[in-house]
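Only one structure is covered here, and it is reproduced in the block below.
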Amino acid sequence: METIRHCDIEKDLKTLKRFSAPRESLEAWERLFCLKGISETPGIEQCLGFGSFKIYKARVVPLKENVGKSQGYRLIFNLLENDVCEILAFSRHGIYKTEQELLRLIRIRL
């Protein structure tokens, strides 16, 4: 598997700068995903309602924090081909007021 990042991921990382190690957590998830693939990486679910796009959401364990996946980061990605995915959004619970706000952002970034 190969991962590429949407050009706005840097904005997401700047928004998350008050949290501990968001960039390192994202990079660790990317390494795990590239090794395991979509079927063996834990915490990945498909998002419905995006038409022909194959959109998935994943939970990322925050590094350097003593919390689990549920309190960690959220990652949304688009499966472009069988072995390439584009990371569309990287966030944390509470950054967006509603899930609908996050879904609007994803539609814009597609």
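Return the only residue of Ile76, Ile108, Ile87, Ile44 being more than 20 Å from Lys11 (Cα to Cα), among the β-branched types (Val, Ile, Thr) and either modelled with pLDDT of 90 or more or within 14 Å of the chain's Cα centre (by Cα) (or both). Full working, then the answer.
Details: Ile76 fails: more than 20 Å from Lys11 (Cα to Cα); Ile108 fails: more than 20 Å from Lys11 (Cα to Cα); Ile87 fails: more than 20 Å from Lys11 (Cα to Cα).
When all the criteria are applied, what remains is Ile44.
Go through segment 88-101 and count every residue that is surrounded by fewer than 17 Cβ atoms within 10 Å (Cβ to Cβ) and either within 13 Å of Cys47 (Cβ to Cβ) or of a type in the set (S, T, N, Q) (or both).
Selection size over segment 88-101: 3.
Could you please give the count of residues in segment 1-21 that are in contact with a helix residue (DSSP H, G or I) (Cβ under 8 Å, 6 or more places away or on another chain) and among the hydroxyl-bearing types (Ser, Thr, Tyr)?
1
Looking only at segment 57-72, decide whether some residue is farther than 18 Å from Gly94 by Cα and hydroxyl-bearing (Ser, Thr, Tyr).
No, segment 57-72 contains no residue that is farther than 18 Å from Gly94 by Cα and hydroxyl-bearing (Ser, Thr, Tyr).
Condition (residue is closer than 16 Å to Leu88 by Cα, exposed (fewer than 12 other Cβ atoms within 10 Å of the Cβ) and out of contact with any His (no Cβ under 8 Å at 6 or more places or on another chain)) applied to segment 39-46: is it met by at least one residue?
yes
Can you find, within segment 50-64, the residue that is surrounded by the most Cβ atoms within 10 Å (Cβ to Cβ) among those that are farther than 17 Å from Pro22 by Cβ and in contact (Cβ under 8 Å) with a residue 12 or more places away in the chain?
Selected residue: Ile55.
Suppose we keep only residues that are in contact with a strand residue (DSSP E or B) (Cβ under 9 Å, 6 or more places away or on another chain) and either of a type outside the set (A, V, I, L, M) or modelled with pLDDT under 95 (or both) within segment 17-27. Which one would you say is surrounded by the fewest Cβ atoms within 10 Å (Cβ to Cβ)? It would help to see each step written out before you state the result.
Initial filter on segment 17-27 (in contact with a strand residue (DSSP E or B) (Cβ under 9 Å, 6 or more places away or on another chain)): 19, 22, 25-26.
Cutting the leftovers down to either of a type outside the set (A, V, I, L, M) or modelled with pLDDT under 95 (or both) gives us 19, 22, 25.
Values: Phe19: 16, Pro22: 23, Ser25: 23.
Per the stated criteria, the residue is Phe19.
The values are calculated or read from the model by the stated rules, or taken from the named source; none is laboratory data. This one's a predicted model, so the numbers in the text were calculated from it and none came from an experiment. All Cβ positions, glycine included, derive from the backbone under ideal geometry; neighbour counts span all protein chains shown.
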